[in-house]
Amino acid sequence: MDYFEALKTSQEQSPPPAAHSPLPLPAMHNVEETINYIKHTCSDLYFTSDSDEPVQIYQLSNPGLQALEASISKLSLPSAHDFAVFVAGEADTMEDFVAEKKPVAGFFERLCNQQVTEQQKQLAESLKRAFDVLTEEPGTDSACYRIGVLPNIEVYVVMLIDGQVVGIKTVSVET
């Protein structure tokens, strides 16, 4: 067998690229595993609007959790206004300020459809699947917040797991 035949044979026998994140889905109510999963899964994802912005891990700090404690103690994420005040301070009084709370499904539909490579599409699908699985039990919640002043809207896609708020953050440039 010559070199080219051997190369072709090895390519035919190679497994296809992974159709998901390199990590297994995190265990229910395990915030540390969830954060690690999100970090690895979103490392190569971009959100496309009028520009391509990276998708990054987002976690509320302990002071942030205390500020939102009233809503979290009800086992639900806060209103768009309360989240906006926490993230942007009193900026929500500015003209053209956007503060919206939406279901995560719309964000993930857009994110999954706009990825360029097959690997990016698979990672986006894995992230969506993790949000779906981790927030289906009682005591969990998820939301997509759009906060900011046009043209730069910060997008937070977060979930409430075991009293912690974790998820992803990106920017939507809307001119």
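Figure legend. Inter-residue proximity from the range 98-112: first residues farther than 18 Å from residue 148 by Cβ and open to solvent by 20 Å² or more (accessible area, probe 1.4 Å), second residues of a type outside the set (A, V, I, L, M) and assigned to a helix (DSSP H, G or I), beta-carbon distance below 9 Å, spacing 6+ or different chains. Indicated pairs: 105/128; 105/132; 109/128.
When the criteria are applied in full, residue 2 meets the requirement of being among the acidic types (Asp, Glu), at pLDDT below 80, surrounded by fewer than 17 Cβ atoms within 10 Å (Cβ to Cβ) and over 14 Å from the mean Cα position of the chain (by Cα).
So that you can scan it fast, the table gives a plain yes or no per residue for (1) among the aromatic types (Phe, Trp, Tyr); (2) modelled with pLDDT under 95; (3) closer than 25 Å to residue 78 by Cβ; (4) open to solvent by less than 10 Å² (accessible area, probe 1.4 Å):
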site: 124; (1), (2), (3), (4): no, yes, no, yes
site: 139; (1), (2), (3), (4): no, yes, yes, no
site: 156; (1), (2), (3), (4): yes, no, yes, yes
site: 161; (1), (2), (3), (4): no, yes, yes, yes
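Applying the condition of being surrounded by 14 or more Cβ atoms within 10 Å (Cβ to Cβ) and not β-branched (Val, Ile, Thr) to the range 83-96 and asking which residue is modelled with the lowest pLDDT yields 92. Could you tell me whether the range 38-53 includes any residue that is open to solvent by less than 60 Å² (accessible area, probe 1.4 Å), of a type in the set (A, V, I, L, M, F, W, C), modelled with pLDDT under 90 and touching a Gly at 6+ places or on another chain (Cβ under 9 Å)? No: zero hits. So, residue 152, is that one modelled with pLDDT of 90 or more and surrounded by fewer than 13 Cβ atoms within 10 Å (Cβ to Cβ) or not? So residue 152 fails the test. Do we find that residue 115 is open to solvent by less than 60 Å² (accessible area, probe 1.4 Å), within 16 Å of the chain's Cα centre (by Cα) and modelled with pLDDT under 90 in this structure? Taking the combined requirement at face value, the residue satisfies it. Restricted to the range 58-82, and to residues there that are closer than 20 Å to residue 35 by Cα and in a helix (DSSP H, G or I), the residue that is modelled with the lowest pLDDT is 72.
The values are calculated or read from the model by the stated rules, or taken from the named source; none is laboratory data. Every value quoted in this text rests on a predicted model; they were computed, and no experiment measured them. Glycine gets a Cβ as well: all are built from the backbone with ideal geometry, and neighbour counts include every protein chain shown. SASA here: full protein model, heavy atoms, side chains in, ligands and nucleic acids out. Shrake-Rupley method; radii C 1.70, N 1.55, O 1.52, S 1.80 Å.
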